[in-house]
Amino acid sequence: MKMQITDTKNWKSLFFPFWISQAFSLLGSSIVQFALVWWLTKSTGSATVLAVASTFAILPEIIINPFAGAIVDRVNRKRVMIIADALIALATFGLAVLFYFNWVEIWHIYTIMFIRSAGSAFHYPAQQASIAKIVPKQHLARIAGINQSLRGMVGIVAAPLGALLLETIDVQGSLAVDILTAFLAIVILTFITIPHQIREKDTNHGWIKTILKDMKAGFNYFMNWKGLLAVIILAMFIKIALSPAISLLPLLVSKHFSGNASQYSLVEVAVGSGMIVGGLLLGVWGGFKKRIWTSLIGILGIGISFLIVGFLPGSAFISLIGLMFMAGLMVPLIDGPITAIVQACVEDAYQGRVLTIMSSLLWITTPIGLGIAGPVSDRIGVSSWYLIAGGFCLVGVIFSLFIPALINIEENNQ
């Protein structure tokens, strides 16, 4: 069974309004993320608290994702995105009220991060599978690059805007902006027609049994693709160290470089700028014919960048900016080709399930890494973790060169 695109001539008229709606949603979420992470950083100054917060933010990605993928493959994907955005906005409103009356406690932040992540567990596979229905196969890598540029642009805007909002209208004002952007995303998405996916035949076992059967079928589909399995094992290995390095960035700025919210926003701007450049590069170039080579070069680049960050003295903040720009540039080169491989090669009826199985397996590594990184960073310094993250990336790339199933992932996708 091959994926079907409804209209390959007029796909841009569908994709770009969809892209704009998701840009609003992403902007609001990024502002909230900045505001909450910085509030926790300044309120506690603890790497362990940031690690726990990140763990709460990814637990739904581990627990809910397999169910979400099976559901997304069965129901209207546009409706899933609208409902997810609405529920996330409602949870954000509740947290804004707590901040307004000064009732907020750290466990409230953990709870809201969990709820927002649960909504994202449904939103992300619906979004990515919808792109695969709208965009012709030959343009998927370039669109992945454009999407990564969008993330970079949002990072540039969200970080300084988040810092400004914190200074002027406090945390509750930042949360209100997220509610507004969610509303705009929902309104735009309502008027967009997204082609329906090809659904597997219902076996009349009832909804719960059907979803469980679909989950099993999706897992078998995934396990039978040895190349994708090898890619996920590689990604899990490096994410054990890489995810904590990202989560600990505000603490690196605050403690090691003695920075404030404005300086942290500069780091976020540097990462976002790098992602824009990397995304545009991928969008124009498209990557190597073997997409996996592009991803491996990206992993190598981010590993070298983080290794150097780990050696920087506290006075070298400008060098940190440059290195985080390079790390951001590598992100589209890593994620874009892998996303394009899945969108191009996975059968339409399995898109949601394969995406969420991949996501769940990757997120499992994050609490493991955070559980180690928090106490280690509190004891021997947060910059030490960047040496570990860089080393993991380099080792992962070297081992990948000796795995034929990974290198030939697109040629052997069944």
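The values are calculated or read from the model by the stated rules, or taken from the named source; none is laboratory data. Only a predicted model underlies this, so the values are computations on that prediction, with no experimental measurement involved. Don't worry about glycine lacking a Cβ; one is built from the backbone with ideal geometry, like all the others, and counts go over all protein chains shown. Remember, those area values only see protein heavy atoms, side chains included, never the ligands or the DNA or RNA. Shrake-Rupley method; radii C 1.70, N 1.55, O 1.52, S 1.80 Å.
A few points about this structure:
- Candidates are the residues of the range 352-407 that are of a type in the set (Val, Ile, Thr) and in contact with a Lys or Arg (Cβ under 8 Å, 6 or more places away or on another chain); the one that is surrounded by the fewest Cβ atoms within 10 Å (Cβ to Cβ) is Ile407.
- Among the residues of the range 303-318, those identified as over 17 Å from Leu251 (Cα atoms) and not hydrophobic (A, V, I, L, M, F, W, C) are Gly303, Ser305.
- Condition met for Ser262 (out of contact with any Phe, Trp or Tyr (no Cβ under 9 Å at 6 or more places or on another chain), part of a helix (DSSP H, G or I), of a type in the set (Gly, Ala, Ser) and in contact (Cβ under 8 Å) with a residue 24 or more places away in the chain): yes
- Checked against (1) touching a helix residue (DSSP H, G or I) at 6+ places or on another chain (Cβ under 7 Å); (2) modelled with pLDDT of 85 or more, Val269 passes all but condition (2).
- Only one entry in Ala121, Ala91 is of a type in the set (A, V, I, L, M), under 16 Å from the mean Cα position of the chain (by Cα) and not in a loop (DSSP other than H, G, I, E, B), namely Ala121.
- Total residues in the range 23-56, condition closer than 30 Å to Tyr350 by Cβ and touching a Phe, Trp or Tyr at 6+ places or on another chain (Cβ under 7 Å): 1
Yes or no, residue by residue, for (1) at pLDDT below 80; (2) within 30 Å of Asp378 (Cα to Cα); (3) not in a helix (DSSP H, G or I):
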site	(1), (2), (3)
Phe15	no, no, no
Ser21	no, no, no
Leu27	no, no, no
Val32	no, yes, no
Ala51	yes, yes, no
Ala57	no, yes, no
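- Qualifying positions in the range 64-113 - among the β-branched types (Val, Ile, Thr), open to solvent by 30 Å² or more (accessible area, probe 1.4 Å), under 25 Å from Ser54 (Cβ atoms) and modelled with pLDDT under 85: Ile64
- Close pairs (6 angstrom Cβ cut-off, 6 or more residues apart or separate chains): over 23 Å from Leu140 (Cα atoms) in the range 288-307, of a type outside the set (Val, Ile, Thr) and part of a loop (DSSP other than H, G, I, E, B) anywhere: none
- Checked against (1) open to solvent by 30 Å² or more (accessible area, probe 1.4 Å); (2) farther than 24 Å from Asp85 by Cα; (3) at pLDDT below 80, Leu166 passes all but a single condition, namely (2).
- Verdict on Leu150 being within 14 Å of Leu27 (Cα to Cα) and open to solvent by less than 30 Å² (accessible area, probe 1.4 Å): yes
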